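Rule-based calculations on the coordinates, nothing more; no lab input. This is a predicted model, so every value here is computed, not measured. FYI the Cβ positions are ideal-geometry reconstructions off the backbone, even for glycines, and counts take in every protein chain you see.
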Amino acid sequence: MTTGAPTGPAVRTEDVWKIYEQDDLAVEAVRGVTVEIARGEFVVLAGPSGSGKTTLLNMLGGLTAPTRGRVWIDGRDLTAMSERERARLRLERVGFVFQAYNLLPVLTAEENAEFSLLLRGVPADQRRDRVRALFERIGIGGLEDRRPSKLSGGQQQRVAVARAVIGEPALVLADEPTANLDSATSLALLEVMARLNTEIQTTFVFATHDQRLIERARRVIQLVDGAIEYDDRR
Amino acid sequence: MRRLRLLLRLAARNVRRQARRSLLTATATVLGTAVMVFSFSLGDGAHEDWIEQGVRLGRGHVAIQRPRFQASRHLDDRLTPAALERAQAALADPEIAARVLTVAPRLEVQGLASSASNAFPVFITGVDPEIEARFSHLSDRVIEGRYLEAGDRLHAFVGGRLADRLNLEVGSRLVLTGQDAAGEIAGQFVRVVGIFRTGIPEADEGIVHVPIRTAQEWLGVSGAATSLAVLLQSSDVVEDTRGRLRQAVGGETSDLAVLTWPEVTPELAAAIRVDNFGNYLFYGILFTIVGLAIVNTVLMSVLYRTREFGVLRALGLTRGETAAVAFSEGVLLTFAAGIVGMALGLAVTWGLFRQGLDYSGLLEGDFTISGVVLNPVIVPLFRGARLLQGAGAILVIGVLASIYPAVRARRIDVAEAMKFEA
């Protein structure tokens with residue numbers, strides 16, 4: 001539940017660990033990450049495959065609980081919340097963009113984009129107006145009634161971005177959002193997200209090893225073997 | 001409410017999305033339900049026919065008698081003229097009278113029928129000939145002579161097997177012997193006016209009808225009867241009519257008992273219960289198989305869409321809500337197929353067999369069960385309560401079959417789901 005306009009960092013972690021145990025083997029996917037991300041930042045989590053980017057991203061979004069350590073979003077401690085409270089927080093304060101788009105195939109582009117608004121009880125006319133305006137801004141106007149299967153990869157990812165930002169969340173987490181896109185489409189999508197970051201002051205955190213995305217970021221947090229190797233502010 | 005509508009919309013569209021898989025499962029449910037409606041309609045029709053025969057030859061849908069008569073079968077437990085008057089007054093209540101077709105006074109006594117050549121134990125019933133002709137329909141089963149008439153006095157109407165045993169024919173003399181009201185053995189000469197054959201061995205060798213006035217005089221119980229047999233419009237109103245009659249004759253403590261046909265002829269009620277049990281068992285097995293098909297369809301759908309369920313969670317749905325999507329898919333699929341199946345079952349049964357299903361080719365001669373002859377033509381009976389029962393059963397199957405897939409959907413780990421490749 002939101003409580004007025006939060007003033008602290010958008011995201012903060014304190015000595016976060018994620019250890020997967022399988023048989024007698026313990027794998028430390030994330031090791032003691034402490035980080036603070038301010039509102040409106042455009043941050044990249046970089047690192048090779050298996051460096052813990054996705055796991056850290058999942059913990060920032062409350063999809064995975066840390067083995068130890070704490071995570072705050074908008075000043076609220078995720079690790080102290082119940083499942084239901086975390087679901088509520090994700091709905092109201094966090095947007096996700098996935099590598100494989102992950103649009104719901106039985107819904108149209110517009111229904112996918114308005115999903116979180118509908119869950120939050122926004123009236124139908126307001127939902128429609130907001131989705132249509134956003135679709136125009138990100139270059140997919142006119143595709144509202146199409147099912148995902150009738151959209152290109154780039155169009156699907158834009159719908160996914162629209163779904164992530166439509167509710168004006170405090171934080172958008174994107175996991176390899178350009179990995180399945182060709183170069184031109186990737187650049188266009190990056191433009192869209194950079195513009196949204198500036199216009200609506202939403203914090204973007206990307207997990208990627210896409211060099212183009214890393215070059216555009218104002219802050220790059222490099223992960224190696226689950227730990228921060230460096231945190232570079234530009 | 002808005003969230004619920006969204007979950008239902010997702011569920012309905014997912015059912016349509018897996019069209020082939022859903023259609024296969026739905027077809028099994030549709031056929032199972034249609035066969036159930038068909039079978040229960042014919043079964044209820046057959047049972048109604050059994051009941052109709054049973055109550056006409058027995059003591060009606062409802063019988064008013066002394067509380068102890070059912071066990072004692074003794075004249076001491078008879079309805080006196082005053083008691084008969086009270087019973088008739090209760091039956092005159094407009095709410096009750098509207099459901100009553102015929103009321104027949106009966107004076108029943110166990111005795112012995114003797115001719116010049118032999119003697120045989122029989123069940124002698126004193127009847128009002130005009131009323132009884134409409135009630136028991138034995139007058140339709142005459143093979144020789146005629147049924148009793150209003151002016152008859154020392155006459156008897158006997159079954160064909162009894163006639164054979166006692167070497168009787170129309171006009172033959174017969175002595176009926178029984179215990180009178182004073183406890184003395186009393187005999188009565190009568191002459192055979194007609195012989196009937198029902199096909200039921202017990203009836204054809206054990207029933208003798210005589211005019212009730214003759215029986216009353218012979219047994220020394222002027223104006224009395226042992227029961228008032230009441231024929232109703234349908235067996236569906238038996239319990240309600242019994243309740244009203246009980247109230248009208250003075251309730252549980254009354255000296256008049258109101259019994260229903262299952263109490264008077266428990267063997268027939270048992271036969272129907274056994275037949276129904278067989279049907280229920282068959283449908284239990286059939287719908288277990290249908291239920292497993294539904295579990296399989298919905299579970300496959302949930303497992304195939306693991307990543308989607310993960311996305312729903314990431315977007316802010318709770319575990320319970322994602323489970324509700326899977327649960328609704330199973331219930332919607334089952335219930336929609338169930339409704340179609342019921343409609344199909346009704347249409348086929350009504351369209352092809354409303355005049356009756358003739359299986360006389362399978363029966364050789366009369367086939368009896370618990371004192372009734374099986375009618376070789378079964379006319380289906382459509383009962384609203386039975387259809388509701390069927391709809392309820394389908395819904396229960398849908399609910400039960402959807403629980404496990406819903407539990408699996410609820411357990412999905414979001415982070416793991418994102419790695420899932422269908």
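Other residues within the sphere of radius under 15 Å centred on the Cβ of B:Arg386, judged by their own Cβ, net out at -3 (K and R +1, D and E -1).
Compute log10 of I(q)/I(0) for chain B with the Debye formula, placing one identical point scatterer on every Cα and leaving out solvent, at q = 0.06, 0.10, 0.11 Å⁻¹, to two decimals. For chain B at q = 0.06, 0.10, 0.11 Å⁻¹, log10 I(q)/I(0) is -0.41, -0.78, -0.86. Peptide B:304-315 has a mean shielding of 5, counted as Cβ atoms of other protein chains within 10 Å of each residue's Cβ. Backbone amide hydrogens, once placed in the peptide plane, bring B:Glu144 within less than 5 Å of B:Ile195, excluding anything fewer than 5 places away on its chain. If you add up the charges near B:Arg99, with Lys and Arg at +1 and Asp and Glu at -1, over every other residue whose beta carbon is less than 13 angstrom from its beta carbon, what do you get? Around B:Arg99, the charge tally is -3. Bridging of B:Lys419 to lysines at a Cα separation below 21 Å is possible for A:Lys18, A:Lys53, once same-chain residues fewer than 8 apart are set aside. Taking θ as phi - 60° and the Karplus parameters 6.51, -1.76 and 1.60, the scalar couplings of segment B:127-144 work out to 10, 7, x, 5, 5, 5, 4, 7, 7, 8, 6, 5, 5, 7, 10, 5, 10, 7 Hz in sequence order, x denoting glycine and proline. Solvent-free Debye calculation, one equal scatterer per alpha-carbon of segment B:59-264: log10 I(q)/I(0) at 0.13 Å⁻¹ equals -0.70.
For the peptides A:78-86, B:109-117, residues were scored by their other Cβ atoms within 10 Å and the scores averaged per peptide; the highest-first order is B:109-117, A:78-86. Using C-alpha pairs below 8 Å separated by at least 6 residues, the relative contact order for segment B:282-422 is 50 percent. Of A:Lys18, A:Lys53, A:Lys150, the sequence from fewest to most neighbouring Cβ atoms within 10 angstrom is A:Lys150, A:Lys18, A:Lys53. The GluC sites (Glu not before Pro) of segment A:138-234 include none that DSSP puts in a loop with a beta carbon having at most 11 other beta carbons within 10 Å. The amide H of A:Arg146, built 1.01 Å from its N in the peptide plane, has A:Ala109, A:Glu110 as neighbours under 5 Å, considering only residues 5 or more places off or on other chains. With bins 20 Å wide beginning at 0, the percent of Cα pairs of the protein assembly as shown falling in each bin runs 16, 30, 17, 16, 15, 6, 0.
Extension gain, B:Leu388 to B:Leu4, is 135.7 nm, computed as 0.36 nm per intervening residue step minus the present C-alpha separation. For peptide A:88-98, the mean count of partner chain Cβ atoms within 10 Å of a residue's Cβ comes to 3. Near A:Ser152: Cβ cut-off under 11 Å, other residues only, Lys/Arg at +1 and Asp/Glu at -1. The net charge is +2.
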